[in-house]
Every structure is written in C-alpha cells, then in structure tokens.
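J.: My questions all concern the structure below.
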Amino acid sequence: MQHQLKLRNPLVCFDLETTGVNISKDRIVELSFVKAMPNGTVEVNTRKINPEMPIPLETSLIHGIYDEDIKDAPTFKSIAKSLAQFLEGCDLAGFNVLRFDVPMLVEEFLRVGVDFEVSKRKIIDAQRIYHMMEPRNLTAAYKFYCARDLENAHSAEADTLATFEVLNAQVQHYENTELKNEKGESYKPIQNDMGVLHELTAQKIVDFAGRMVFNDKGVEVFNFGKHKGVPVVDVFKKEPNYYQWIMDNDFALDTKRKLTEIKLRSSKLMK
C-alpha cells in the first residue's frame with residue numbers, strides 16, 4: 001500500500017473501539033493504526049485489548065467484539081510503552097478523532113502513567129474536512145437531490161419550494177432502501193408515508209423549548225436545573241412549589257402549558 005500525502009513526519013491514522021463513549025470510565029477494546037511514512041510506505045497495525053471490565057452487550061452488538069474475544073488479549077498497560085514508542089514523532093489523523101479517539105487514547109495513557117504528549121503533534125480530523133467541503137445545508141441538498149443550483153437562497157418562498165422538492169426527491173430516491181440497525185438486522189427506514197417519516201425525523205419532544213424530554217422509558221423528565229433527569233410527576237410530589245415557581249418565571253408559554261397538562265393528568269391519576 002502506498003500513499004500520495006506530502007509528509008514531514010510519519011502520520012498515524014487510527015480508530016478505537018471501546019466499551020462505551022464515556023472518556024473517563026470506558027476503555028479501549030481494539031485499536032487500529034495505519035502508519036504512513038514520508039517515503040510513501042504504509043504499515044497497518046490492529047490489535048484487540050483486554051479492557052479489564054465487561055463490555056456492555058449493547059456496545060458489543062455495534063462493534064462485534066465480545067468479552068470472549070478479548071479475554072486473552074493484552075491489557076493497555078502492558079502495551080502502553082511500546083505503543084508510545086510506535087507513535088513517537090508521529091502526527092495523528094482520524095474521523096471525528098478530535099472529539100473522541102484522541103481524548104480516549106490520551107486518557108488511557110494517563111491512567112497507566114505513560115507520557116503521551118499531543119500538543120506538539122499535528123492532528124487532522126477527516127470529518128471536519130468532509131463537513132467543510134461537503135456542506136449539509138439546504139443549498140447543498142438541493143444541488144444533490146435536484147441537480148440544480150438554488151437561486152434566491154434564504155428568501156422564504158425559494159427555501160420553502162426547495163425544501164418541498166428535496167423532500168419529494170428524498171422519498172423517491174431512498175424509498176425501500178435497506179439499512180442495517182445496531183443488531184445487524186435489515187430494515188427500510190424511508191417509506192412514502194408521512195407517519196413513518198414523522199417517527200423517523202421528529203424528536204420525541206415534550207415542550208418545544210426542551211425544558212422537558214422523554215427518558216428511555218417514555219416518561220417526561222425535567223431537562224434542566226436541580227431536577228434534571230427526574231420525572232416531572234415525582235418533582236410535583238416531592239416539591240409541589242416547583243410548578244408554581246416555573247409558572248411565575250420567564251419560561252416559554254408552551255412549556256407552562258405542557259407542564260400544566262402533566263400536572264392535571266397526574267392529579268387525576270392520584271384521585
């Protein structure tokens with residue numbers, strides 16, 4: 001394998017598979033490095049890592065690595081020094097690497113007391129280049145789906161007509177296209193059915209200001225302040241004055257309306 005990049009330093013493009021997405025708590029279970037040298041040669045190095053903690057099933061279903069697969073793999077601590085040497089003097093690259101992979105890798109090195117400095121390295125994020133060069137706005141969508149330039153962009157009528165044409169083209173383009181979910185099962189997300197498209201694209205909102213949201217059990221919970229994550233009805237029981245505090249302060253009318261609906265509904269259930 002060769003490359004055409006102009007390099008002063010070796011460039012390591014890498015990706016991590018982990019037990020989850022919490023930088024401070026989760027651990028690496030697999031790492032893969034593509035090391036590109038200034039002379040054009042490329043070296044690939046991939047290995048599994050024992051995270052010394054169980055891999056949640058929902059995570060294994062995404063990346064396909066289970067506890068059984070890594071039980072005999074080395075720990076990060078055991079390879080940390082050799083890995084740091086492998087990365088010595090190298091710049092880093094990846095996809096969304098600035099938000100996740102680099103912080104996770106740095107955290108792992110810090111845990112085992114191995115020095116891994118990134119401040120003097122160049123870090124290239126391919127995702128940022130992608131988003132910059134292939135913008136995801138209405139003008140770009142109109143060009144992609146309708147094969148025409150959007151004139152008078154940002155005028156209400158032009159944008160509305162363009163959005164309608166894009167939506168129509170999206171349905172025609174993607175209807176019955178199969179994707180795979182996190183469990184590897186095939187499904188067809190796009191149907192020429194507004195109910196289906198609503199379920200696909202509409203956020204499960206409680207109030208439009210986002211002061212309340214549904215939790216994973218479909219229960220309304222507060223999304224701000226000291227009661228964040230707590231079911232609204234539970235707060236009403238423990239702190240009845242909280243309702244009045246919201247009603248008396250500068251919250252959106254829609255929020256107050258939805259809060260009142262929940263309060264009335266919970267009052268009926270308690271009778």
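The values are calculated or read from the model by the stated rules, or taken from the named source; none is laboratory data. Remember, predicted model here, so these are calculated numbers, not experimental data. Glycine also receives a Cβ, built like all others from the backbone with ideal geometry; neighbour counts cover every protein chain displayed.
J.: Condition first: in a strand (DSSP E or B) and of a type in the set (D, E, K, R). Now tell me which residues in segment 89-111 satisfy that.
T.: The answer is D91, and nothing else.
J.: Can you run down the residue pairs with Cβ atoms below 7 Å, 6 or more apart or on separate chains, where the first is in segment 50-68 and within 18 Å of K183 (Cβ to Cβ) and the partner is of a type in the set (S, T, Y) and modelled with pLDDT under 95?
T.: Y66/S60
J.: Which ones in segment 5-30 are without any contact (Cβ under 8 Å) to a residue 24 or more places away in the chain and either over 18 Å from I124 (Cα atoms) or not basic (K, R) (or both)?
T.: In the first step, residues of segment 5-30 are kept if they are without any contact (Cβ under 8 Å) to a residue 24 or more places away in the chain; the result is 6, 22, 25.
Answer for segment 5-30, where residues must be without any contact (Cβ under 8 Å) to a residue 24 or more places away in the chain and either over 18 Å from I124 (Cα atoms) or not basic (K, R) (or both): N22, K25.
J.: While we're on this one: Select from segment 214-236 the residues that are under 15 Å from T260 (Cα atoms) and not aromatic (F, W, Y) and list them in ascending order.
T.: E220, V221, P231, V232, V233, D234, V235
J.: Under 6 Å by Cβ, and 6 or more places apart or on different chains, what pairs join a residue from segment 195-216 that is modelled with pLDDT under 80 with one that is surrounded by 13 or more Cβ atoms within 10 Å (Cβ to Cβ)?
T.: Short answer, once both residue conditions are applied: L200/P189; K204/F214; F208/D254.
J.: Output the number of the condition that G184 fails; it satisfies all remaining conditions of (1) modelled with pLDDT of 85 or more; (2) among the small types (G, A, S); (3) more than 21 Å from A252 (Cα to Cα).
T.: (1)
J.: When segment 81-118 is examined, which residues are found to be out of contact with any Ser or Thr (no Cβ under 8 Å at 6 or more places or on another chain), surrounded by 19 or more Cβ atoms within 10 Å (Cβ to Cβ) and either over 29 Å from L5 (Cα atoms) or of a type outside the set (F, W, Y) (or both)?
T.: L83, L87, C90, D91, L92, A93, G94, V97, D101, V102, L105, E108
J.: Can you name the condition, by its number, that S60 falls short on among (1) of a type in the set (S, T, N, Q); (2) surrounded by 13 or more Cβ atoms within 10 Å (Cβ to Cβ); (3) in contact with a Gly (Cβ under 6 Å, 6 or more places away or on another chain)?
T.: Result: S60 passes all but (3).
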